[in-house]
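Worksheet for the structure shown next.
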Amino acid sequence: MLIPRVALTSTTDVVTIPAPATSLMVYNTATANDVSPGFYFFNGAAWTRMTDAASTPSYTIGQSLYGGKIFWLDSTRQHGLIAATNDAGADVQWFNKRYMYNNAIRTGIYGGEYNTRRIIEIQGSGNYAASVAARYNGGNFGDWYLPSKDELNLMYQQKDLIGYLSVFYWSSTEGALSGTDATYDFAWKLCFSN
């Protein structure tokens with residue numbers, strides 16, 4: 001693998017490499033503004049420096065980071081999930097104009113990312129929960145998504161550290177009212193007021 005060597009001017013530089021693809025990795029040779037020599041990847045909105053294991057920090061639940069607050073960490077305390085601190089509001093509906101089955105049935109950690117992509121593929125453009133989450137650009141990051149049922153429950157467990165305002169929050173996980181796995185006709189949501 002050959003990684004391009006470039007002289008970035010800042011973490012928001014989109015002139016050195018015009019329209020960089022999300023996840024493009026480069027080796028920056030310059031020291032300028034907020035960049036120094038080292039490996040960077042483009043997160044869709046800005047260049048993010050990659051760190052080595054010796055300098056990798058350990059994070060904590062409730063810590064503000066990347067435009068949100070950490071609500072879950074794995075056992076290494078180096079990987080986790082971040083909740084946006086800006087609330088989309090209680091009037092955002094789950095579906096786009098009418099309900100359609102989306103096969104958004106993943107429930108676990110990182111399942112919300114798949115579900116969100118799936119919902120947007122089926123529902124199209126509009127102002128509904130998955131689309132609003134995917135368009136969010138908190139912290140100049142463009143990788144936000146609507147949480148899965150289990151991710152939303154983890155957020156609920158940390159709601160006091162995150163500081164939510166609304167009562168109900170949508171998950172990206174569809175559920176079956178009829179009790180069979182074949183008939184999905186609602187989406188999971190959770191009340192954060194109790």
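The values are calculated or read from the model by the stated rules, or taken from the named source; none is laboratory data. These numbers were taken from a predicted model, which means no experiment stands behind them. Ideal geometry is used to build each Cβ from the backbone, glycine not excepted, and the neighbour counts take in all protein chains shown. For the accessible areas, the whole protein counts, side chains as well, though only heavy atoms, and no ligand, DNA or RNA atoms are used. Shrake-Rupley method; radii C 1.70, N 1.55, O 1.52, S 1.80 Å.
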Single condition GLU113 does not satisfy, out of (1) within 17 Å of SER148 (Cβ to Cβ); (2) open to solvent by less than 30 Å² (accessible area, probe 1.4 Å): (2)
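Check whether at least one residue in segment 67-78 is among the hydroxyl-bearing types (Ser, Thr, Tyr) and modelled with pLDDT of 90 or more, and report yes or no.
Keep residues of segment 67-78 that are among the hydroxyl-bearing types (Ser, Thr, Tyr), which gives 75-76.
Pick out the ones that are also modelled with pLDDT of 90 or more and you get none.
Looking for residues that are among the hydroxyl-bearing types (Ser, Thr, Tyr) and modelled with pLDDT of 90 or more, one finds none in segment 67-78, hence no.
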Test: PHE42 is open to solvent by less than 50 Å² (accessible area, probe 1.4 Å), out of contact with any Lys or Arg (no Cβ under 7 Å at 6 or more places or on another chain) and more than 23 Å from SER166 (Cα to Cα): yes
Failed item in (1) under 17 Å from TYR110 (Cβ atoms); (2) open to solvent by less than 50 Å² (accessible area, probe 1.4 Å); (3) out of contact with any Ser or Thr (no Cβ under 7 Å at 6 or more places or on another chain), with THR76 passing the rest: (2)
Residue in segment 87-95 that is more than 21 Å from PHE141 (Cβ to Cβ), within 18 Å of the chain's Cα centre (by Cα) and at pLDDT 85 or above present: yes
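Only one of these is more than 25 Å from TYR164 (Cα to Cα) and either surrounded by 13 or more Cβ atoms within 10 Å (Cβ to Cβ) or acidic (Asp, Glu) (or both): TYR59, TYR27, TYR66. Name it.
Selected residue: TYR27, the only one of TYR59, TYR27, TYR66 that is more than 25 Å from TYR164 (Cα to Cα) and either surrounded by 13 or more Cβ atoms within 10 Å (Cβ to Cβ) or acidic (Asp, Glu) (or both).
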Matching residues, segment 145-166, being more than 19 Å from LEU73 (Cβ to Cβ), open to solvent by 70 Å² or more (accessible area, probe 1.4 Å) and out of contact with any Lys or Arg (no Cβ under 9 Å at 6 or more places or on another chain): LEU165
